[in-house]
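A.B. asks: Okay, handing you the structure first.
The values are calculated or read from the model by the stated rules, or taken from the named source; none is laboratory data. On a predicted model such as this, the values are computed, not experimentally measured, just so you know. Every residue, glycine as well, gets a Cβ built from its backbone with ideal geometry; the counts of neighbours run over all protein chains shown.
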Ligand code: C5P
């Protein structure tokens, strides 16, 4: 019926976000960055003075946050109460806090509902959506038309991420390894689930990665 739902999961540093945005652009459909939603909840909790170890309070914040997700791949703006928070949610402070939010199971249950609703709304409005994260292929949208796990060797991921952040490579490595380890206690994104196609981008540049994902979508639909 002309609605294409693409789910892409994978660990940090694969280039998942840039590739997902470009794929959405080429297909002329919407985009959803679910990691940005967890980051926004972490930012909001901090902004509201909520202690991340107070799990019920953080869960409540995830329910009530006035979050608006931009879905245009050219400008996927994230705002809370009409305030753009794109820069604020990408700091290393938020990256360090976000797993504490993401391992809160009540938060995950709220996020699953919000994300599933958004995926359907975006697909309805734009003819499709590329939604990326850690549990989109398995939990949020296992019904997706194409389900892809984007991977890359640890060495390549560390390289891509430190280039992106232009900070100390060793600190970046430690932070990423720790975040992936924490995140993988609640989401399964290190190996492909049944029916999920793995796209290994270790030896691919950006253009080749986009082509490989487009190929995997074509093969799945
Ligand atoms: O993709 P990104 O690095 O921005 O994601 C930030 C964090 O959000 C992850 O480290 C993880 O804790 C959480 N996340 C999640 N499930 C998703 C997407 C992101 O738990 N589907």
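A.B. asks: Quick one: in the stretch 39-51, which of the residues that are in contact (Cβ under 8 Å) with a residue 40 or more places away in the chain and crowded, with 18+ Cβ neighbours inside 10 Å is farthest from the ligand (Cβ to nearest atom)?
C.D. replies: My answer is 45.
A.B. asks: Also, I was wondering about something else. Anything in the stretch 177-203 that is in contact with a helix residue (DSSP H, G or I) (Cβ under 6 Å, 6 or more places away or on another chain) and closer than 21 Å to residue 18 by Cα? List them, or say none.
C.D. replies: Selection gives 179, 183, 196, 197, 199, 201, 202.
A.B. asks: For the stretch 134-149, enumerate the residues that are under 22 Å from residue 99 (Cα atoms) and out of contact with any strand residue (DSSP E or B) (no Cβ under 6 Å at 6 or more places or on another chain).
C.D. replies: Selection gives 135, 138, 139, 140.
A.B. asks: Here is a follow-up. Hey, among 181, 187, 192, which residue is within 11 Å of the ligand (Cβ to nearest atom), within 17 Å of the chain's Cα centre (by Cα) and not in a helix (DSSP H, G or I)?
C.D. replies: Checking each option against the conditions leaves just 187.
A.B. asks: Sticking with this one: Failed condition for residue 210, given (1) within 16 Å of residue 14 (Cα to Cα); (2) within 16 Å of the ligand (Cβ to nearest atom); (3) in contact with a helix residue (DSSP H, G or I) (Cβ under 6 Å, 6 or more places away or on another chain); (4) assigned to a helix (DSSP H, G or I), with all others met?
C.D. replies: (2)
A.B. asks: Here's something else I'd like to know. Mind checking whether some residue in the stretch 69-85 is within 16 Å of the chain's Cα centre (by Cα) and under 23 Å from residue 185 (Cβ atoms)?
C.D. replies: Looking through the stretch 69-85, none of the residues is within 16 Å of the chain's Cα centre (by Cα) and under 23 Å from residue 185 (Cβ atoms).
A.B. asks: For the stretch 154-174, which residues satisfy the criterion of being under 28 Å from residue 74 (Cα atoms) and more than 10 Å from the ligand (Cβ to nearest atom)?
C.D. replies: 156, 157, 158, 159, 160, 162, 163, 164, 165, 166, 167, 172, listed by residue number.
A.B. asks: Criterion first (modelled with pLDDT of 95 or more, part of a helix (DSSP H, G or I) and within 15 Å of the ligand (Cβ to nearest atom)) does residue 59 satisfy it?
C.D. replies: In short, yes.
A.B. asks: Looking at the stretch 6-38, which of its residues are in a strand (DSSP E or B) and away from the ligand (no atom under 15 Å from the Cβ)?
C.D. replies: Residue satisfying the conditions is 30 alone.
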